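What follows is a set of notes on a single structure, which appears directly below.
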Amino acid sequence: MIDLRPPGAVRWICRKLEEAGHDTWAVGGAVRDALAQRPSGDWDLATAAPPDRVRRIFRRTVPIGIDHGTVGVIAGDGVMYEVTTFRRDIETTGRHAVVAFAETVDEDLARRDFTINAVAWHPLRKVIHDPYDGMADLERRVLRTVGDPEERFAEDYLRVLRALRFAGVFRLQVDEATWRALVAAVPHLDVLSPERVREEMEKILAGQEAPSAALALYAASGVLAHRYSDLDHLVGCPAEDRRGDLWSHALRTVDLLPPHRPAIRWAALLAGVGVPEDGGDPTEAPGRRGLLRTAALLERLRSSNARIQRVAGLVEFVRHPPNPEASDAELRRWLAGVGREKLSDLVRIWIAELRADELLGDGEGWDRADLGRLVERLRATARAPVALTVDELAFSGRDLIQMGYRPGPRFGELLRALLDRVLEEPELNEREVLAEEAERWMAAREKEAE
Ligand code: ATP
Ligand code: MG
């Protein structure tokens, strides 16, 4: 007997189904996590009862995936538990499966991907059912497919990415035959929808565990070269003034950032993608290349626009901080170009990069004292009541109209010119002063036009 101490509701659901005569087991990630003595996520149940029976047995249910046999049961604790009818695959295509309901838990376990994910536990009898020795693999720290690895990857190529994630997160060695089949399957990842590929990466980046182990396996398996070529360029790419290559530096940095901020981890991972391999185009604005590559990569993965903007907006500036010796005016200009709202995210990444440098050994990327001073000055600038945007000027288009000018594209140009002056000399940000400045600007403009 093994007690995995699930929430009480898991036993209650199981008892109701068993009393109605249906064999019911806890399966999947929660069983695996509990056996590994990690906090268990969602407890899923697998049952012989068909979905319509499940819906009749429980008062509060949600039809979350009736076609797949999944019914959400809302228990007394208010939590929804997924109860899925035993299934077997009838046909697979490499990206999805046609399933049929099955009679036995054995059939259901046979279609699961890895042995560690194919352990069933009975919440009432408290016994383990483990036909593929998943517990032993967990103990030995080995990741292995259920059955023939080549066949299993070909049924659903997402399993390639899942394998890398589980091996990374649980620190498992990928079994030799599984690894060989996995590497051979990488060229077929094209069949997967970008959304599923992205979700896998998001799970790695949002995980409590350091993402670097799984990411290193992405590189080692060829997945990086196949689906993330911009990142693959970082592997072995010497980091200008840093020890180690850009890739190992990115991995260290990502590990040092908090998991609940995946956008920041994305930005730290992608920070190097704008580093030119060829010395770069001197006419290109610094950061532009990183921004474009990041946006293109995230677009290919069908990320949301909000996510793309946020991450690309950080990548654009993360490698282009102001000089720690810069004047106050230069700092204001830099911050005006970046936007105040990005400063705290950038600072987090810089600090993580600094610590990554230190961990990688006498790196020369960031100097701790320089960074400290720079951050302090930038924070003070961001907090100070100085105008950094056109909207923060003490003078607006409305004032121009009142002065008798007719609205047009000139307005924007003028306001930007005024901001430029104010960034240089913040004390000029007074309505009357700027009004005079505006008149002079307009007069010069009209003279030019003559
Ligand atoms: P996590 O939730 O941390 O990703 P998990 O193991 O719970 O891990 P889920 O995607 O929630 O993963 O799936 C639950 C279970 O369903 C898995 O443990 C596995 O048994 C099975 N499973 C999920 N996806 C697949 C797949 N692509 N092929 C085979 N079995 C799968
Ligand atoms: Mg899960």
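The values are calculated or read from the model by the stated rules, or taken from the named source; none is laboratory data. None of these values were measured; they are calculated from a predicted model. Every residue, glycine among them, receives a Cβ derived from its backbone with ideal geometry; neighbour counts consider all protein chains shown. For accessibility, only protein heavy atoms count, side chains too; no ligands or nucleic acids. Shrake-Rupley method; radii C 1.70, N 1.55, O 1.52, S 1.80 Å.
Charges on Cβ only, +1 for Lys and Arg, -1 for Asp and Glu, centred on the Cα centroid of the chain; of 428, 213, 146, which one is farthest towards the dipole's positive end?
Working it through, the farthest residue towards the positive pole turns out to be 146.
Starting from the Cα-Cα distance between residue 296 and residue 260, subtract it from 0.36 nm times their residue separation and give me the gain in nm to one decimal.
10.6 nm
Please give the Cα centre distance for region 316-387 versus region 392-416, rounded to the nearest Å.
Comparing the Cα centres of region 316-387 and region 392-416, I get a distance of 33 Å.
Can you bin region 231-384 into rounded, prolate or oblate? Criterion: square roots of the alpha carbon gyration tensor eigenvalues sorted a ≥ b ≥ c, rounded for a/c under 1.5, prolate for a/b above b/c, oblate for the rest.
It comes out rounded by the Cα gyration axes.
What Rg and what Dmax come out for the chain when only alpha-carbon atoms are used, in angstroms?
Calculated on Cα positions, Rg and Dmax stand at 28.7, 94 Å.
Charges only on Cβ, +1 for Lys and Arg, -1 for Asp and Glu: so what's the dipole of region 390-449 about the Cα centre, in debye to the nearest 20? Let's see the in-between values first.
Working: 9 positive and 15 negative charges, 86 e Å.
Dipole of region 390-449, to the nearest 20 debye: 420 debye.
Say a paramagnetic label sat at a point 7 Å from the Cα of residue 391, along Cα to Cβ; which residues of region 325-346 have their backbone N under 15 Å from it?
Those under the cut-off are 336-342.
What lysines sit close enough to residue 342 to cross-link, taking a C-alpha to C-alpha distance under 25 Å and skipping anything fewer than 8 places away on the same chain?
Excluding near neighbours in sequence, the set is 203.
Heavy atoms only, probe 1.4 Å: what % of the accessible area of region 231-384 goes to carbon and sulfur, would you let me know? Present the calculation step by step, with values, prior to reporting the outcome.
Details: 3530 of 7320 Å².
Carbon and sulfur atoms account for 48 percent of the accessible area of region 231-384.
Suppose R0 equals 51 Å; then what is the FRET efficiency for residue 403 and residue 209 from their Cβ-Cβ distance, rounded to the nearest 0.05?
It comes out at approximately 0.25.
Under a crude label model (7 Å from the Cα following the beta-carbon direction), how far is residue 42 from residue 427 in nanometres?
Here the modelled spin labels are 6.2 nm apart.
Roughly how many Å is it from the Cα centre of region 152-178 to that of region 93-117, as a whole number?
When both Cα centres are located, 16 Å separates them.
Between residue 325 and residue 377, what is the spin-label point distance in nm, taking each point 7 Å from the Cα along the Cα→C-beta axis?
It works out to 1.1 nm between the two label points.
What is the spin-label model distance, in nm, from residue 449 to residue 52 if the labels are put 7 Å beyond Cα along the C-beta direction?
Simple spin-label model gives 7.7 nm for this pair.
Which is farthest toward the positive dipole end of the chain among 369, 121, 312, measuring Cα position about the Cα centre, with Cβ charges +1 (Lys, Arg) and -1 (Asp, Glu)?
Of the options given, the answer is 121.
Arrange the peptides 324-336, 308-320 so that the one whose residues have, on average, the most other Cβ atoms within 10 Å appears first.
Ranked from most to least packed, the peptides come out as 308-320, 324-336.
Relative to the longest principal Cα axis of the chain, at what angle does helix 288-300 sit, 0 to 90 degrees, rounded to 10?
30
Going by the alpha-carbon gyration tensor, a ≥ b ≥ c the square roots of its eigenvalues, is region 1-124 rounded (a/c under 1.5) or, if a/c is not under 1.5, prolate (a/b greater than b/c) versus oblate?
oblate
Under 14 Å from a point placed 7 Å out from the Cα of residue 226 along the Cα-to-Cβ direction: which residues of region 149-176 have their backbone N that close?
Counting only backbone N, you get 150-165.
Magnitude of the Cβ-charge dipole of the chain, K/R +1 and D/E -1, about the Cα centre, nearest 20 debye?
1480
Ignoring everything except DSSP H segments at least 4 long, calculate the 222 nm mean residue ellipticity for the chain; use -39,500 (n - 2.57) per segment, divide by total residues, nearest 500.
Rounded to the nearest 500, the figure is -15500 deg cm²/dmol.
Return the sequence-ordered ³J(HN,Hα) values of region 326-335 in whole Hz as given by the Karplus equation 6.51 cos²θ - 1.76 cosθ + 1.60 applied to θ = phi - 60°, using x for Gly and Pro.
Karplus-based 3J(HN,Hα) across region 326-335 equals 4, 6, 4, 5, 5, 5, 4, 4, 4, 5 Hz.
Please determine, in degrees from 0 to 90 and to the nearest 10, the orientation of helix 305-318 with respect to the longest principal axis defined by the Cα atoms of the chain, where the helix direction is its Cα long axis.
Orientation of helix 305-318: about 60 degrees from the principal axis.
What does a probe at residue 66 reach in region 78-122, counting residues whose amide N is under 20 Å from the point 7 Å along Cα→Cβ?
80-88, 98-102
Which whole-number value in Å² is the accessible area per residue of the chain, probe 1.4 Å?
Details: 21960 Å² over 450 residues.
Heavy-atom SASA per residue in the chain reads 49 Å².
Relative to the present Cα-Cα distance, how much length would full extension add between residue 410 and residue 98 at 0.36 nm per residue of separation?
Values: separation 312, 0.36 × 312 = 112.32 nm, distance 6.19 nm.
Stretched fully, the residue 410-residue 98 segment lengthens by 106.1 nm.
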